[in-house]
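A.B. asks: Just passing along the structure, written as structure tokens.
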Amino acid sequence: MRNALGLVMAVFRRWGRICRMEIDWVALRAAAIETMRLAYTPVSDFPVGVAGLVDDGRMVVGCNVENASMGMTLCAECGMVSSLHATGGGRLVAISCVDATGAPLMPCGRCRQLLWEHGGPECLVEALPRPLKMSELLPHGFGWEDIDRVTGGGAKTADVPPELARWRGRGTVFVHPDISGGETIWTGYWERSSGEPGTEETKGVLEEGPNFPTTAAAVAWGLVRSPRVVVVDAEGGLSWAGEGEAPEGIPQRWTKEDRA
Ligand code: THU
């Protein structure tokens, strides 16, 4: 696989950074308390604040926001996760959620699912007497892998790694068949180059795709990254699976109906 070593090294570097990250629980709790005071709670009079440490060292916060229709309450964690994405994405490493007394508050069931998706099983949640891992708060949690196991991996649409978020919409994805364990699978890679004149210097692979059982699943992976997706078949033939008109030099359009 192209650039596979580079990709593995990047994963290790990122993991090392996260492991070395100091969690300042006092600062997290202080930010959660400050944000709790900004909550809008005309229905319950139960303000909640939450602060999360992101894997790049950022801190994101949220407070609960209620509504006259009552069932429409936004938990503090929802606001925090929205802020996580609105300020550049990333993964939550640790969170502190507090009630009006400033004491740690356990996230509700729905928010555990939300935190699971944006922090994963290792994300720590402040609790007494010790922080708890998300895997303790949501054992046997449901996630994308449960969907992927059935659908073959095409269901997840938001999986651009946070460090590549700024490349979304740029570059080109090439989807191609490969052999894995004696079976033909589909995979792809995301390249910086748009193939347009004058963009030669921006060549290089951004990300290698996982294995997919179908072309359609690999194309879906590509379209999440870039509107420019090219399918390269086993004979080296090119077809355009991207948005808009096929660029010059790509003779045909790939359609889901044509191929599995
Ligand atoms: N609340 C949160 O903001 N987060 C939680 O995890 C628990 C509950 C809010 C929702 C509602 O505005 C109030 O607390 C009472 O349930």
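The values are calculated or read from the model by the stated rules, or taken from the named source; none is laboratory data. The shown structure was predicted, so the numbers you read here are calculated from the model rather than taken from an experiment. FYI the Cβ positions are ideal-geometry reconstructions off the backbone, even for glycines, and counts take in every protein chain you see.
A.B. asks: Name the single residue that is surrounded by the most Cβ atoms within 10 Å (Cβ to Cβ) among those in the stretch 59-73 being part of a strand (DSSP E or B) and within 10 Å of the ligand (Cβ to nearest atom).
C.D. replies: From the stretch 59-73, those part of a strand (DSSP E or B) are 59-63, 65; that's our starting set.
Restricting the remaining residues to those that are within 10 Å of the ligand (Cβ to nearest atom) gives 62-63, 65.
On the way: 62: 28, 63: 23, 65: 17.
The extreme case among them is 62.
A.B. asks: Working only within the stretch 47-56, note down all residues that are under 15 Å from residue 26 (Cα atoms) and more than 8 Å from the ligand (Cβ to nearest atom). Lay out the reasoning, then the answer.
C.D. replies: Within the stretch 47-56, the first condition is being under 15 Å from residue 26 (Cα atoms), and the residues that meet it are 49-53.
Within the stretch 47-56, 49, 51, 52, 53 meet the criteria.
A.B. asks: Which of the residues belonging to the stretch 180-213 are of a type in the set (Val, Ile, Thr) and modelled with pLDDT under 85?
C.D. replies: Kept after step one, since they are of a type in the set (Val, Ile, Thr), are these residues of the stretch 180-213: 184-185, 187, 199, 202, 205.
Listed by number, the residues that qualify are 199, 202.
A.B. asks: Taking the condition of being away from the ligand (no atom under 13 Å from the Cβ), more than 20 Å from residue 33 (Cα to Cα) and either touching a residue at least 12 places away in the same chain (Cβ under 8 Å) or in contact with a strand residue (DSSP E or B) (Cβ under 8 Å, 6 or more places away or on another chain) (or both), how many residues in the stretch 86-115 meet it?
C.D. replies: Final tally of qualifying residues: 5.
A.B. asks: Okay, next question. Can you name the number of the only condition in (1) assigned to a strand (DSSP E or B); (2) away from the ligand (no atom under 16 Å from the Cβ); (3) buried (at least 17 other Cβ atoms within 10 Å of the Cβ) that residue 179 fails?
C.D. replies: Going through (1) assigned to a strand (DSSP E or B); (2) away from the ligand (no atom under 16 Å from the Cβ); (3) buried (at least 17 other Cβ atoms within 10 Å of the Cβ) one by one, residue 179 breaks only (3).
A.B. asks: Among the residues of the stretch 74-110, write down those that are at pLDDT 95 or above and part of a loop (DSSP other than H, G, I, E, B).
C.D. replies: Those that are at pLDDT 95 or above and part of a loop (DSSP other than H, G, I, E, B): 75, 99, 100, 101, 102, 103, 105, 106, 107, 108.
A.B. asks: Could you list, in sequence order, the residues of the stretch 116-133 that are within 12 Å of the chain's Cα centre (by Cα) and without any contact (Cβ under 8 Å) to a residue 40 or more places away in the chain? Write out each step before concluding.
C.D. replies: Filtering the stretch 116-133 down to residues within 12 Å of the chain's Cα centre (by Cα) leaves 116-120.
Of everything in the stretch 116-133, those that are within 12 Å of the chain's Cα centre (by Cα) and without any contact (Cβ under 8 Å) to a residue 40 or more places away in the chain turn out to be 116, 117, 118, 120.
A.B. asks: Exactly one condition in (1) farther than 16 Å from residue 33 by Cβ; (2) outside any helix (DSSP H, G or I); (3) of a type outside the set (Gly, Ala, Ser) is not met by residue 128; state its number.
C.D. replies: If we test residue 128 against (1) farther than 16 Å from residue 33 by Cβ; (2) outside any helix (DSSP H, G or I); (3) of a type outside the set (Gly, Ala, Ser), just (1) comes out false.
A.B. asks: Then there's this: Looking at (1) surrounded by 21 or more Cβ atoms within 10 Å (Cβ to Cβ); (2) within 11 Å of the ligand (Cβ to nearest atom); (3) polar (S, T, N, Q), which is the one condition that is false for residue 44?
C.D. replies: Looking at each condition in turn, residue 44 falls short on (1).
A.B. asks: A further question on this structure: Looking at the stretch 227-252, I want the residues that are in a loop (DSSP other than H, G, I, E, B) and have a partner that is basic (Lys, Arg) with Cβ atoms under 6 Å, at least 6 apart or on another chain. Which pairs are those?
C.D. replies: Matching pairs, first to second residue: 242/228; 246/253.
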